[in-house]
Amino acid sequence: MVPSAVGGGPAPVSTLGTRSFIRPQDEQRILITQAKPGMVLSRTVELPNRVRLCPSGTELSEALIARLFERGIRRIHVLGHPIPSPSAEEWNQTVARLQNRFSRVAHEPFMMSLQRHIQSEMARAAMVQ
C-alpha cells in the first residue's frame with residue numbers, strides 16, 4: 001500500500017512483477033506543470049524509447065518534477081484526483097462556445113463534421129483525466 005497524496009488514507013496498489021495495476025477511477029492523468037510535491041505516481045514514467053525514469057509509487061518532489069519536465073515528460077498519472085475535473089456546467093459552457101464558433105458555417109457539412117470531431121476529442125480528453 002502506498003500513502004495517498006490526497007485524503008491521507010492508503011491507495012490501493014497491487015504489484016505483479018514490475019507493473020502496478022490501479023483502477024482508472026483511483027488515478028488521474030495530469031500535466032507535469034500541474035504536479036505538486038507529495039503527489040504519488042500511479043504509473044511508471046518512461047521516455048518514448050521505453051527507458052524508465054521513475055517507477056509507480058514514487059512520491060514527487062520539486063527536484064523530480066523539474067527533472068521530468070527537462071526530460072520532455074509532459075503528462076503523468078498520479079494517485080487520487082488532485083486536480084478537480086470540470087463540472088457539468090463548465091462542460092456545457094465549453095460546448096456552447098464551440099458551437100458558437102462554428103455557427104457561421106453551420107451550412108457546411110465538412111465544418112459540422114469537424115465540429116463533431118473536435119467535440120468528441122474534447123470529451124475523450126476529459127474522460128482520460
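Computed from the coordinates by the stated procedures, all read-outs in this text should not be read as laboratory data. Note that the structure is a prediction, hence the values are computed from the model and not measured. Quick reminder, even Gly has a Cβ in these numbers, built from the backbone with ideal geometry, and neighbours come from all protein chains shown.
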(message) Cβ-Cβ distance below 7 Å, separation of 6 or more or different chains: which pairs start in region 80-98 with a residue that is of a type in the set (Val, Ile, Thr) and end on one that is not in a helix (DSSP H, G or I)?
(response) ILE83/GLN28; ILE83/ILE30
(message) Can you tell me which of (1) part of a helix (DSSP H, G or I); (2) in contact with a strand residue (DSSP E or B) (Cβ under 9 Å, 6 or more places away or on another chain); (3) farther than 20 Å from THR44 by Cα is the one LEU68 doesn't meet?
(response) (3)
(message) Please go through region 95-129 and give me each residue that is over 30 Å from GLY38 (Cβ atoms), surrounded by 13 or more Cβ atoms within 10 Å (Cβ to Cβ) and not hydrophobic (A, V, I, L, M, F, W, C), ordered by number.
(response) GLN115, GLN119
(request) Being in a loop (DSSP other than H, G, I, E, B) and farther than 12 Å from ILE76 by Cα is the filter here, so list the residues in region 24-56 that pass it. (result) PRO37, GLY38, PRO48, ASN49, ARG50, VAL51
